[in-house]
Every structure is written in structure tokens, then in C-alpha cells.
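This is the structure, below, for whatever I ask next.
The values are calculated or read from the model by the stated rules, or taken from the named source; none is laboratory data. Here the structure is a predicted model, which means the values were calculated and not measured. For neighbour counting, all protein chains shown are included, and Cβ atoms are generated from backbone atoms with ideal geometry for every residue, glycine included.
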Amino acid sequence: MTMSEVQPPSLPTNSPKVSPTQYMHDRVRWRLSEALPWIVAVGAFWVFPNYLVLGTQMIIMIIFALSLDLILGYAGIVSLGHAAYFGVGAYTTGILSAHFGWNEPLSGLLMGGMVAGVFGFASGWLLLRYHGLALIMLTLATSIMLYEFANVAEVWTGGFDGLLGITIDPIFGIFESDLWGKTYYWYSLFVLFLVFLAVRRIVYSAFGRGLVGIRENTKRMHAIGSPVHQRLVTIYVISTIIAGFAGALFAQSTAYVTLDVLSFSRSGTVVIVLILGGVGRLYGAFIGSIIYMIIEDELSRISPEFWEFGLGLVLVLVVMFFRRGLLGAAEDAMKRIRGASS
Amino acid sequence: MDSNFLDLTNLAAGYGATIVLEDISFTLPKGESVSIIGRNGVGKSSLLNTIMGHTDLHSGSINFNARDISKELIHRRAHAGIGYVPQEREIFPSLTVEENLLVAASSGDWSVEKIYELFPHLAARRQNRGNQLSGGEQQMLAIGRALMGNPSLLMMDEPSEGLAPVIVDALEQSIADLRDKANLTIILVEQNIRLALSFSKRCIVMDRGQIVFDGDSTVLKDEKVLHAHMGLAA
């Protein structure tokens with residue numbers, strides 16, 4: 001008897017008549033359900049016209065969360081200092097505008113991402129030689145050091161008082177910033193869409209699948225010939241560039257940068273966002289960001305002093321009852337419904 | 001035939017300060033296969049781990065394809081042409097069968113299609129995740145994944161472990177096909193003595209971290225001789 005004659009047990013199977021290239025292409029193909037968040041985002045512009053500033057901040061948070069999801073959810077790199085790159089992006093764009101009069105938004109955005117990427121490469125090359133608790137502590141220490149550096153370099157950063165004097169030109173020389181946040185809502189949404197396309201492409205590529213392999217069994221990835229450190233550094237740099245874009249968008253949309261962009265609380269917040277939404281599942285960043293910012297907005301209005309207690313309670317409940325995040329819980333529920341109906 | 005395709009010289013290796021392998025020396029010509037047998041814990045898996053670079057090498061050298069790889073990083077050894085199928089299979093659980101194969105792909109003769117030809121069973125499972133496979137399917141996938149790296153030396157660590165007899169028979173046939181048709185040099189570590197002795201003409205017996213027999217497999221078909229070399233009571 002040969003392996004080809006051994007009959008498989010009755011597990012659901014799929015047609016083998018597809019080439020590997022076609023197979024990967026099929027995996028990247030968009031599903032109809034993926035249109036939903038974009039329809040919601042576009043519809044929100046008309047349904048919630050008074051909340052566009054908050055909506056812009058949500059979109060920026062989604063971009064930031066996507067950047068962390070790439071390294072945490074797919075490559076298994078735990079970071080408590082990801083705000084470092086958000087902050088580098090924000091300060092780069094802010095300083096270029098406030099000190100050098102570089103007010104063009106798109107190039108300012110690109111510069112924010114690129115400088116964050118350079119910083120990400122320099123730090124990632126060193127940090128990613130460590131794992132587990134050591135890596136967590138090193139990422140945290142990096143962001144703390146950067147925070148203190150920004151505090152000391154107040155000539156450039158404005159220190160504790162924040163960086164003032166940021167002026168951003170109209171986007172494409174046409175769309176000016178407005179009080180209601182309409183322009184920056186669309187601008188941020190457009191950037192999010194481009195970032196999402198790139199992230200989605202990466203996640204479903206052979207490189208992205210290799211990252212999952214690294215997360216699940218680093219030793220085995222070494223043994224099948226994968227240059228693990230090189231791949232981790234690559235995804236780390238991509239992640240930091242995206243975090244830099246988020247920071248740059250933040251600086252452009254608020255025209256103000258404070259030390260808060262580098263704070264531990266920002267690093268912690270983006271981790272909470274992913275835990276809420278679901279780590280390693282792309283749209284978890286969307287769900288988590290929206291839920292987090294709605295909770296923050298509502299609870300801080302109800303109780304400006306104790307709103308974080310409510311947020312903590314929600315987080316405890318999610319971790320206890322929905323370990324795969326809200327999106328994971330929704331997927332499980334859908335599977336149960338489908339199972340029951342079939 | 002290159003008589004020193006794989007050349008281990010006076011190897012001493014282990015985990016940290018603990019030495020598991022002592023004074024291991026053997027050569028393996030290109031295209032030849034060898035089975036390694038021995039009781040549990042005598043260092044068979046550690047020997048494969050040492051060739052792959054997973055242990056700490058204390059002394060000795062490993063030459064592969066006329067190149068000293070003793071200090072090479074693990075992934076460079078894989079690139080040099082060493083494929084390793086570990087005892088635990090170590091399939092990536094959340095990747096599909098196809099993705100498990102694709103993440104290991106490198107240029108060469110082996111492709112996903114060829115793996116599916118060798119193991120048609122896997123083609124039917126291509127979109128199932130690693131954690132949805134049976135033990136036999138996982139073993140096929142582990143071998144397929146190692147082949148996707150287009151190795152010239154394939155090391156398999158107890159591929160029959162935990163498999164039903166009917167699956168072991170089929171696996172034995174597939175491994176024999178690889179030996180005969182794929183122009184591979186194969187090191188097979190096995191607890192299944194029958195499978196090991198029938199797989200290759202040459203057999204190595206290990207005991208307490210050392211090679212105690214290196215010769216013709218047929219000699220070991222005499223149970224008394226086998227037991228004597230394996231340190232078992234007759």
C-alpha cells in the first residue's frame with residue numbers, strides 16, 4: 001500500500017485542482033463582508049457629521065493598531081513601547097512644519113513614516129535579538145528613553161508644553177482643513193485604506209504566512225531555512241513606518257504635538273485596542289479602536305475622574321469571556337449559528 | 001560518488017554544559033542512506049539536532065558537501081541542503097497544508113505539485129489547517145515541508161512514531177520511493193527496527209551517546225547480535 005492509496009478520514013476537503021500561485025491569489029481575494037467597515041466609514045460621514053473629529057482620531061487609532069497587529073498578531077513580537085514610533089512620526093511631521101516650514105501634508109506624512117522606519121530599523125535590529133520578557137522590557141525602555149529625550153530637547157519639541165506652530169497646507173493644494181474635521185476625516189480614511197491594502201497583502205503573502213510560522217515555532221522556521229531575524233526586522237520596520245504614518249496624521253489633524261504621543265499610556269492603549277478587537281485578525285484593529293474610543297468618549301463624559309475604571313472593567317470581561325477578542329467571539333457565534341442551521 | 005558528502009569527525013555535543021554525544025565520527029557518501037537505531041535516550045535525535053545546529057557543539061567538526069558547517073547558523077545549514085523532519089513533526093497549526101509547504105519553498109526540483117504527487121492525500125487537505133490533520137497526514141506534511149527546501153540530505157527522526165500500522169506501511173513505501181527515485185541522501189532514525197533495517201543496507205547503532213555499531217544492516221537481523229549492540233539482555 002502507498003500513501004496515495006490510504007483513504008483520508010471524512011474531514012472537509014477542498015479541490016486540489018488549483019496551482020499554489022492561484023491558491024495564494026484566492027486567499028488575497030476580497031470577501032463581500034469586507035466591504036462592511038468601509039461602507040460604515042463612508043456612511044458615518046453623513047450620519048455623524050458632528051463626530052468627524054472623533055472619527056478621524058478613531059481612524060488614526062486603527063492605523064496605529066494595524067501597525068502593532070502586524071508584529072504582535074502575526075509575528076508574535078510583544079511590544080509595550082510602540083508609541084515610540086507613533087511619536088517619532090508625529091514629531092517629525094510637527095518639527096518639519098513648525099521649524100522648517102515644511103507644510104505640505106503628503107510629503108510631511110511620508111517623512112513621518114520614513115523617519116519612524118529608520119528609527120524602527122535601528123532599534124529593531126538590536127531589540128529583536130531578544131525574546132519574551134527581555135524584549136517587552138527593552139521596547140518599554142526604548143519608548144521611555146525617547147520620551148525623556150523629547151522632554152529634554154524642548155528647543156525642537158516644545159518639551160512639556162508641546163510643539164506649537166504646526167501649519168498644514170491644503171491637501172493637494174485644494175482641500176483645506178476645516179473646523180468640523182471633514183477634510184481630515186477623508187484624508188485619514190484614504191490613508192487608512194492604502195495602509196490596509198498593504199497590510200492585507202503582506203499578511204496573505206508567503207512572507208506573511210512565514211511570520212505566522214515564526215510566531216508558532218521559531219525553531220522550526222530556522223530549520224526550514226527561514227532567516228528569522230531578518231524577517232522579523234523587516235516586518236518590524238514596516239510596522240514602525242505605519243505607526244509613523246499614524247503619528248504624522250495625528251500631528252497634522254490636531255496641529256499640536258505633546259509628549260503624550262510617546263507615552264506609555266499610548267503604547268498600552270493600542271495593546272488594549274487589539275485585545276478588545278482581536279489580535280492577529282486585521283479587522284480586530286477596526287473593532288477594537290471603535291469600541292475603545294466610544295467607551296472612552298462616553299465614560300469620560302459620564303465620569304471624567306473614573307472613566308478608566310469602566311474601561312478596565314470592559315477589558316476584564318473581554319479577556320475573561322472573549323479570549324479571541326470581540327471579532328473572534330463574533331466569528332465563533334457565526335460558526336455556531338451556521339452549525340446549528342446545517 | 002562523493003565519499004565524504006557528510007563527514008562527522010569526533011563530535012562532542014549536547015545541551016549547554018551537558019554533553020549528550022561523545023566522539024561521534026562517520027561519513028556518508030552522496031546518494032547513500034543510513035538508518036540509526038538505539039534505545040530511547042541514547043542520543044539519536046540529538047545527533048540529528050547536532051547536524052542541524054540545534055545543540056551546542058563542544059568539539060569536532062561537521063563537513064557537508066565539502067564545506068565546514070560546524071559554526072553555520074541553522075537556516076544556512078538548511079540553505080546548504082539539509083532537510084530535517086523532526087520527531088514531533090512540528091506542523092504550524094494555524095497555517096493550511098499549502099501554506100505549511102509554501103513557507104518552506106526554495107528554488108529547485110521540488111514544488112508543491114510534486115509534493116502532492118508524492119502524497120496525493122495532502123492535496124485533498126490543502127486548505128485544512130495543520131491542527132486539523134491526523135498523525136499520518138502531519139507526518140506526510142512534515143516530510144513534504146522538508147522536501148520543499150530542496151535538500152540533498154534528508155534527515156527523518158522516527159517518522160513512524162505513533163502511526164497506525166497501515167499508515168506506517170504506506171509511509172515506508174513513500175520513504176523508499178524517495179530513497180530510490182529522488183537522488184537524496186537519507187538519514188533515518190527509527191525505533192521501529194524492522195523498518196530501519198529494511199530501509200537501508202547500512203545501519204548505525206547508538207548507545208549512551210556513542211556509535212557502537214556501524215555496518216551492514218543484515219548483520220543486525222540476528223536478534224542476539226542486535227540485542228548485544230543495543231545493550232539489551234538477550
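Answer with yes or no whether A:S188 is buried (at least 21 other Cβ atoms within 10 Å of the Cβ), of a type in the set (S, T, N, Q) and closer than 26 Å to A:W46 by Cβ. Walk me through how you get there before you give the answer.
Values: buried (at least 21 other Cβ atoms within 10 Å of the Cβ): yes; of a type in the set (S, T, N, Q): yes; closer than 26 Å to A:W46 by Cβ: yes.
Yes; evaluated as a whole, the condition is true for this residue.
Please work out which residue is farthest from B:L154 (Cα to Cα), limiting yourself to segment B:75-128 and to residues that are of a type in the set (S, T, Y) and facing chain A (nearest Cβ under 7 Å).
Per the criteria, the residue is B:S94.
Select from segment A:150-179 the residues that are surrounded by 13 or more Cβ atoms within 10 Å (Cβ to Cβ) and more than 24 Å from A:S107 (Cβ to Cβ) and list them in ascending order.
Of everything in segment A:150-179, those that are surrounded by 13 or more Cβ atoms within 10 Å (Cβ to Cβ) and more than 24 Å from A:S107 (Cβ to Cβ) turn out to be A:N151, A:E154, A:G159.
For B:A123, are the conditions met, namely being touching a strand residue (DSSP E or B) at 6+ places or on another chain (Cβ under 7 Å), of a type outside the set (F, W, Y) and buried (at least 21 other Cβ atoms within 10 Å of the Cβ)? Steps first, please.
Numbers: touching a strand residue (DSSP E or B) at 6+ places or on another chain (Cβ under 7 Å): no; of a type outside the set (F, W, Y): yes; buried (at least 21 other Cβ atoms within 10 Å of the Cβ): yes.
Criteria not met by B:A123.
Now, a different point. Might you let me know whether segment A:157-179 holds any residue that is among the aromatic types (F, W, Y), modelled with pLDDT of 95 or more, out of contact with any strand residue (DSSP E or B) (no Cβ under 9 Å at 6 or more places or on another chain) and not in a loop (DSSP other than H, G, I, E, B)? So that I can check it myself, show each step before the final result.
Let us first name the residues in segment A:157-179 that are among the aromatic types (F, W, Y), namely A:160, A:172, A:175.
From what is left, the residues that are modelled with pLDDT of 95 or more are none.
Within segment A:157-179, none of the residues are among the aromatic types (F, W, Y), modelled with pLDDT of 95 or more, out of contact with any strand residue (DSSP E or B) (no Cβ under 9 Å at 6 or more places or on another chain) and not in a loop (DSSP other than H, G, I, E, B).
Among the residues that make up segment A:60-67, is at least one of them assigned to a helix (DSSP H, G or I), within 14 Å of chain B (Cβ to nearest Cβ) and modelled with pLDDT of 85 or more? Lay out the reasoning, then the answer.
Step one: list which residues in segment A:60-67 are assigned to a helix (DSSP H, G or I), which gives A:60-67.
From what is left, the residues that are within 14 Å of chain B (Cβ to nearest Cβ) are none.
Scanning segment A:60-67 turns up no residue that is assigned to a helix (DSSP H, G or I), within 14 Å of chain B (Cβ to nearest Cβ) and modelled with pLDDT of 85 or more.
Moving on. Just name the residue that is nearest to A:A285 (Cα to Cα) out of those in segment A:305-331 that are assigned to a loop (DSSP other than H, G, I, E, B) and under 20 Å from the mean Cα position of the chain (by Cα). Spell out the reasoning first.
Restricting attention to segment A:305-331, the residues satisfying the condition of being assigned to a loop (DSSP other than H, G, I, E, B) are A:305-306, A:322-324.
Checking which are under 20 Å from the mean Cα position of the chain (by Cα) leaves us with A:323-324.
Details: A:R323: 15, A:R324: 13 Å.
Across segment A:305-331, the extreme among qualifying residues is A:R324.
Got at least one residue in segment B:67-88 being polar (S, T, N, Q) and farther than 27 Å from B:G209 by Cβ? Lay out the reasoning, then the answer.
The first filter runs over segment B:67-88 and keeps only residues polar (S, T, N, Q), leaving B:70, B:87.
From what's left, farther than 27 Å from B:G209 by Cβ: none.
No, because not a single residue in segment B:67-88 is polar (S, T, N, Q) and farther than 27 Å from B:G209 by Cβ.
Still on this structure, I have one more. Listed residues A:G76, A:G81; which is out of contact with any strand residue (DSSP E or B) (no Cβ under 9 Å at 6 or more places or on another chain), outside any helix (DSSP H, G or I), in contact (Cβ under 8 Å) with a residue 12 or more places away in the chain and at positive phi?
Values: A:G81 fails: at positive phi.
On inspection, the qualifying residue turns out to be A:G76.
Please list, ordered by residue number, the helices (runs of 4 or more DSSP H) wholly in segment B:59-131 having 1 or more residues that are within 20 Å of the chain's Cα centre (by Cα). Spell out the reasoning first.
On the way: elements: B:74-80, B:97-102, B:112-118, B:120-123.
Here the list reads B:74-80, B:97-102, B:112-118.
In contact (Cβ under 8 Å) with a residue 60 or more places away in the chain and assigned to a helix (DSSP H, G or I), is that true of A:G268? Walk me through it before giving the result.
On the way: in contact (Cβ under 8 Å) with a residue 60 or more places away in the chain: yes; assigned to a helix (DSSP H, G or I): yes.
Yes; evaluated as a whole, the condition is true for this residue.
Take the residues in segment A:271-298 that are among the aromatic types (F, W, Y) and part of a helix (DSSP H, G or I); name whichever of them is nearest to A:M137 (Cα to Cα).
Going through segment A:271-298, the residues among the aromatic types (F, W, Y) turn out to be A:283, A:286, A:292.
Now narrow it down to the ones that are part of a helix (DSSP H, G or I): A:286, A:292.
Numbers: A:F286: 27, A:Y292: 25 Å.
Among residues in segment A:271-298 that are among the aromatic types (F, W, Y) and part of a helix (DSSP H, G or I), the one nearest to A:M137 (Cα to Cα) is A:Y292.
Only one residue in B:E172, B:E137, B:E161 is more than 13 Å from chain A (Cβ to nearest Cβ), of a type in the set (D, E, K, R) and either in a helix (DSSP H, G or I) or surrounded by fewer than 21 Cβ atoms within 10 Å (Cβ to Cβ) (or both). Which one? It would help to see each step written out before you state the result.
Numbers: B:E172 fails: more than 13 Å from chain A (Cβ to nearest Cβ); B:E137 fails: more than 13 Å from chain A (Cβ to nearest Cβ).
So the residue among B:E172, B:E137, B:E161 that is more than 13 Å from chain A (Cβ to nearest Cβ), of a type in the set (D, E, K, R) and either in a helix (DSSP H, G or I) or surrounded by fewer than 21 Cβ atoms within 10 Å (Cβ to Cβ) (or both) is B:E161.
Mind checking which pairs have a first residue in segment A:203-223 that is within 7 Å of another protein chain (Cβ to nearest Cβ) and a second that is assigned to a helix (DSSP H, G or I) and hydroxyl-bearing (S, T, Y), Cβ under 7 Å, 6 or more apart or different chains?
Within 7 Å, the pairs are A:V212/A:Y74.
Condition test on B:A142, is it crowded, with 20+ Cβ neighbours inside 10 Å and under 24 Å from B:L102 (Cα atoms)? Walk me through it before giving the result.
Numbers: crowded, with 20+ Cβ neighbours inside 10 Å: yes; under 24 Å from B:L102 (Cα atoms): yes.
The answer is yes for B:A142.
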